[in-house]
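The values are calculated or read from the model by the stated rules, or taken from the named source; none is laboratory data. Treat the numbers as computed from the prediction; the structure is a model and nothing was measured. Reconstructed Cβ throughout: ideal geometry from the backbone, glycine too, with neighbour counts over all protein chains shown. Heavy atoms of the whole protein, side chains included, go into the accessibility calculation; ligands, DNA and RNA do not. Shrake-Rupley method; radii C 1.70, N 1.55, O 1.52, S 1.80 Å.
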Amino acid sequence: MSPVNPVTPVSPVHPVSPTSPVLSVDNLSVRFRMRGGRQIAAVSDASFALAPGECLALIGESGCGKSVLASALLGLLPRNAETTGRALLGDLDLLAADERTLARTVRGRRIGLVPQSPSAHLTPVRTVRSQLEETVRELTGVPKAGLREAAEAAAERAAFPATHLDRHPHQLSGGLAQRAATALALVGDAPLLLADEPTTGLDRDLVDRTVDELRRHADTGRALLMITHDLAAARRIADRVAVMYAGRIVEIADAPAFFGAPGPRHPYARALLDALPERAFTPIPGMPPELGDLPDGCAFAPRCARASARCETLPAPVDGVACHHPEEATACSN
Amino acid sequence: MLELSRITAGYDRRAPVVREVSLTVGAGRSVGLLGPSGCGKSTLARVAALLHRPDSGTVVIDGVPVRGWRHRAPREQRTAFGVVFQQPRLAADPRMRLADLIAEPLRATGRRDEAAAAVAGLAGRVGLSRELLGRRPHEVSDGQLQRACLARALVLRPRWLICDEMTAMLDASTSAALVAAVETYRAESGAGLLAVGHDSVLLNRWCDETVHWDELPRESRSGV
Ligand code: SF4
């Protein structure tokens, strides 16, 4: 069995949504070729779809492949990366598109990126106003005379106060820097927002405000893919949750069922929630496997209390869960 | 006992971020200090760990008043503390392999010969494999590097641990694993803990008691 691209199509791990998806990812895999012929399987067979107005939180430990997946969608992988599968944004396959197309029509225009560390994303020597005006000029047809007004409108959409537009990034609090970066991400009016760890290092209040604002932008009809290790942030705004482990999406579920009752069905997802201080606060024993040295079967097996001999073969996703012995879906009888 | 009395500290004498603040941690106890970022709690933690000299106030460690900070602190007092910060990448020399990083305080105190055994024991406690010990910081994740930083903080078997937002960048499982490693060490060594953070759920679960920055006793400043 080839771990990269199974010959038999896997069943879709998400319910088919009535509206056509903004983004549809199909068996996306990313391999890094390393020196000495070594291979890193950073993402394997990821499939999911994202509808307008919907927020999907992609959660998992650092190094599980979630940021690589984001880079693959944006065409920002290093040269030694190979991708397979498809990622359709409308009718454009992001994985097949050339750099020119991605740079000119995708990044900023069709995918707005809310970055991990806004202060690193903003240009330190220029005011927020000048960065917004430049982005407006680049991404929209607004004539020079209208730039000032358009930039102010963009700031307002991200709740960035007009009184702070003439400041430099280092003069902003963490929250305002995040809003400035969000304002930039929104300028192109992209149908898909991609937020990569948007709350890292922020206080809880600020986390809540930041993700609430992202949710508000999804509510205006954008699709929002939020990559995060912050389970509280995911719980707060996500419609659905995708859990990644060792490069694979091991569970996709509706957020209320996942965080509430009946809870996650994949043993890893259950253990991850149990590690929270408001729950059992027990760590998962051991550590995730190296992506350059994955077993043929389930990568969670060495840490899994439910593992059996069957787990030496790779579990295919069934009803959104890739596990040979998932928790029964008791509460909902289907 | 760790006693901080009427501490005033900061980076600009005219605008100290900590003003006349007092805090006590009983021997073997754990106190969680809660507050938003930028409130001054990290500065107070650095004062406690003898890493930052206060403008005024006193620190008494297990009955002995502190007379100098940083390299001016006597070794016996300096090595009473193990400190873990929020961002492991800022706290780790990028050229060092994790094993050397963990052993560094031993080498700095002339106990190089103990390094191999100490590193092997600590690696198990914090969950680092032998293979990971041979890597450099850019070859490991934030969580793995923070595990090494915790091992380094424990290598001199400190009587006090200061954890400043130790888990703020980490996922739930790694956070729980690091807290468990701290608590195992405390249970067998009797070490005390000051854990600084902004996550009340975490600190309430972790520590004997939590106190909010705004509730710390402050003397009113007279005649200034
Ligand atoms: S497939 Fe087996 S080892 Fe993997 S999570 Fe399920 S029960 Fe555990």
Quick one: net charge around A:G53, please, counting Lys, Arg +1 and Asp, Glu -1 for every other residue with C-beta under 9 Å from its C-beta. -2
Summing both sides, how much accessible area is buried between A and B? Use a 1.4 Å probe and give Å² to the nearest 100. 1900 Å²
Using only the Cα atoms of the protein assembly as shown, what do you get for the radius of gyration and for Dmax, in Å? 25.0, 81
Just for the protein assembly as shown, what percent of DSSP beta bridges are antiparallel, to the closest 5? 50 percent
Residue-count net charge about B:W206 - beta-carbon cut-off 10 Å; Lys, Arg +1, Asp, Glu -1: -2
re segment B:118-193: pairs of Cα atoms spaced beyond 15 Å account for a percent value of 52 percent
I'd like the per residue volume of the convex hull spanned by the Cα atoms of segment A:272-334, given in cubic angstrom. 119 Å³
Rank A:D91, A:D45 by accessible area, highest first, at a 1.4 Å probe radius? A:D91, A:D45
Partner shielding of B:206-214, taken as the mean number of other chain Cβ atoms within 10 Å, equals 0
Classify segment A:176-277 as rounded, prolate or oblate, taking a ≥ b ≥ c as the square roots of the eigenvalues of its Cα gyration tensor: rounded when a/c is under 1.5, otherwise prolate if a/b is larger than b/c and oblate if not. prolate
Per DSSP H run of at least 4 residues, take -39500 (n - 2.57); add these up for chain B, divide by its residues and hand me the 222 nm value, nearest 500 deg cm²/dmol. -10000 deg cm²/dmol
Residue with peak Gaussian network fluctuation, chain A [Cα springs, cutoff 10 Å], from A:A218, A:A255, A:A280: A:A280
Per GNM of chain A with C-alpha springs under 10 angstrom, the most fluctuating residue out of A:S62, A:S44, A:S24 is A:S62
Under a Gaussian network model of chain B whose springs join Cα atoms within less than 10 Å, the largest fluctuation of B:D142, B:D113, B:D164 belongs to B:D113
Provide the net charge surrounding B:V179, with neighbours chosen by a C-beta distance below 15 Å and charges set as Lys +1, Arg +1, Asp -1, Glu -1. -3
So, with +1 on the Cβ of K and R and -1 on the Cβ of D and E, and no other charges, what is the size of the charge dipole of chain A about its Cα centre, to the nearest 20 debye? 620 debye
Can you give me the three principal axis dimensions of segment B:77-211 from its C-alpha atoms, in Å, biggest first? 40, 31, 23
Pairs of alpha carbons in segment B:93-157 whose separation is greater than 18 Å (percent): 24 percent
DSSP-defined beta bridges in chain B - what % are antiparallel, rounded to 5: 40 percent
Give the relative contact order (percent, whole number) for segment B:93-157; include only Cα pairs under 8 Å separated by 6+ residues. 50 percent
Could you tell me the ratio Rg/Rh of chain A? Both radii from Cα atoms, Rh via Kirkwood. 0.98
Across peptide B:166-172, what mean number of C-beta atoms from other chains lies inside 10 Å of a residue's C-beta? 6
